Amino acid sequence: MGNYQAYSTLQMNIMQADINIIKADVNIGASFSRTQADVGKFYQDQSSYNLSAYPSIAYPVSQNQGFNGWTANLNLKAGIPVTMSQDGTSESVMVQLAEADMDTIRANGGVPASIAQISAFHVKVYTDNDLSVTNWSGYDFALANLAWIPFATASDLRDVDQQSQLIGNASIATQAQAFFNLGIAAAAAGLNTVGQFGLPFAPGYTDNSDTAQFVGDLGLMARLRTH
């Protein structure tokens with residue numbers, strides 16, 4: 001996998017143990033909160049190894065925390081049909097994204113998943129769960145080959161220009177729908193950000209504020225207008 005650093009055998013074993021616990025949660029029908037906490041531990045462990053910035057955004061999304069987490073989950077839940085369980089579908093997506101991340105790392109020989117691979121498995125997980133990809137908040141950014149992972153490492157961005165190749169083409173209408181869905185979710189999440197200006201997230205999974213994420217996402221959305 002080029003010259004990019006791989007996780008050590010010990011680190012791989014720890015992350016795989018985290019995934020095995022998540023799988024056990026699903027098998028025994030553990031509560032959503034327990035499964036959510038175990039998914040969070042997987043991302044926290046991975047983040048602590050400092051090879052990829054992806055787990056630092058995946059953690060708050062999995063825990064529904066902070067601006068990016070609120071936006072992603074509001075967008076996801078808005079796309080869940082009324083005939084499907086919101087909690088059940090949210091848990092399925094959360095679990096499958098973590099499993100896909102670990103599977104990709106293993107396929108890479110221990111090198112963290114790249115941004116294009118991450119975009120591809122997001123599209124697959126949403127599709128496998130009968131959800132519209134337009135309710136994945138990163139969809140338009142990936143189609144435009146933008147670096148949507150905050151503080152992305154060189155390893156993360158090694159194939160940033162290949163995202164659109166891996167996730168396929170989308171009509172103008174589909175892109176517009178994804179932009180609209182993201183805007184609605186971001187606006188709702190932004191209401192939670194008001195009054196929290198400059199307050200940092202808890203240490204351990206990200207180092208920027210809700211407001212910084214809000215401004216950063218607005219910047220990414222503005223860049224979409226040039227594509």
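The set of residues in the range 177-189 being open to solvent by 30 Å² or more (accessible area, probe 1.4 Å) and at pLDDT below 95 consists of Phe179, Phe180, Ile184, Ala187, Ala188.
Condition check ((1) touching a residue at least 40 places away in the same chain (Cβ under 8 Å); (2) open to solvent by 30 Å² or more (accessible area, probe 1.4 Å); (3) basic (Lys, Arg)) across all residues:
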position	(1), (2), (3)
Lys23	yes, yes, yes
Ile28	no, yes, no
Thr35	yes, no, no
Gln44	yes, yes, no
Ser47	yes, no, no
Ser52	yes, no, no
Pro55	yes, no, no
Ser62	no, no, no
Gly66	yes, no, no
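In this structure, Gly88 qualifies as closer than 22 Å to Asn129 by Cα and of a type in the set (Gly, Ala, Ser).
The one condition from (1) surrounded by fewer than 18 Cβ atoms within 10 Å (Cβ to Cβ); (2) at pLDDT 70 or above; (3) not in a loop (DSSP other than H, G, I, E, B) that Asn192 does not meet is (2). Among the residues of the range 6-20, those that are surrounded by 17 or more Cβ atoms within 10 Å (Cβ to Cβ) and either of a type outside the set (A, V, I, L, M) or without any contact (Cβ under 8 Å) to a residue 24 or more places away in the chain (or both) comprise Tyr7, Gln11, Asp18.
Kindly indicate whether Ile172 is over 19 Å from His122 (Cα atoms), at pLDDT 85 or above and exposed (fewer than 12 other Cβ atoms within 10 Å of the Cβ). Show your work before the answer.
Values: over 19 Å from His122 (Cα atoms): yes; at pLDDT 85 or above: yes; exposed (fewer than 12 other Cβ atoms within 10 Å of the Cβ): yes.
So Ile172 fits the description; yes.
Quick grid of which residues meet (1) in a helix (DSSP H, G or I); (2) under 24 Å from Phe179 (Cβ atoms); (3) within 13 Å of the chain's Cα centre (by Cα):
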{"residue": "Asn68", "(1), (2), (3)": "yes, yes, yes"}
{"residue": "Thr71", "(1), (2), (3)": "yes, yes, yes"}
{"residue": "Lys77", "(1), (2), (3)": "yes, yes, no"}
{"residue": "Gly88", "(1), (2), (3)": "yes, no, no"}
{"residue": "Val93", "(1), (2), (3)": "yes, yes, yes"}
{"residue": "Gln96", "(1), (2), (3)": "yes, no, yes"}
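How many residues does the range 98-126 contain that are assigned to a helix (DSSP H, G or I) and either touching a residue at least 40 places away in the same chain (Cβ under 8 Å) or in contact with a Gly (Cβ under 9 Å, 6 or more places away or on another chain) (or both)? Write out each step before concluding.
We begin by selecting, within the range 98-126, every residue assigned to a helix (DSSP H, G or I); these are 98-107, 115-126.
Now narrow it down to the ones that are either touching a residue at least 40 places away in the same chain (Cβ under 8 Å) or in contact with a Gly (Cβ under 9 Å, 6 or more places away or on another chain) (or both): 98-99, 101-102, 105-106, 115-120, 122-123, 126.
Summing the residues that are assigned to a helix (DSSP H, G or I) and either touching a residue at least 40 places away in the same chain (Cβ under 8 Å) or in contact with a Gly (Cβ under 9 Å, 6 or more places away or on another chain) (or both) in the range 98-126 gives 15.
Regarding the range 126-145, can at least one residue be identified that is over 21 Å from Ser171 (Cβ atoms), open to solvent by less than 20 Å² (accessible area, probe 1.4 Å) and under 14 Å from the mean Cα position of the chain (by Cα)? There is no residue in the range 126-145 that is over 21 Å from Ser171 (Cβ atoms), open to solvent by less than 20 Å² (accessible area, probe 1.4 Å) and under 14 Å from the mean Cα position of the chain (by Cα).
Considering Asp87, Asp101, which residue is closer than 16 Å to Val61 by Cα, charged (D, E, K, R) and open to solvent by less than 20 Å² (accessible area, probe 1.4 Å)?
Details: Asp87 fails: open to solvent by less than 20 Å² (accessible area, probe 1.4 Å).
After ruling out the rest, the residue left standing is Asp101.
Tallying residues that are assigned to a helix (DSSP H, G or I) and more than 26 Å from Ile80 (Cα to Cα) within the range 131-175 yields 4. Consider Val95 carefully, then state whether it is surrounded by fewer than 17 Cβ atoms within 10 Å (Cβ to Cβ), more than 23 Å from Ser8 (Cα to Cα) and β-branched (Val, Ile, Thr). So Val95 fails the test.
The values are calculated or read from the model by the stated rules, or taken from the named source; none is laboratory data. Quantities reported herein were computed from a predicted structural model and do not represent experimental measurements. Ideal geometry is used to build each Cβ from the backbone, glycine not excepted, and the neighbour counts take in all protein chains shown. For the accessible areas, the whole protein counts, side chains as well, though only heavy atoms, and no ligand, DNA or RNA atoms are used. Shrake-Rupley method; radii C 1.70, N 1.55, O 1.52, S 1.80 Å.
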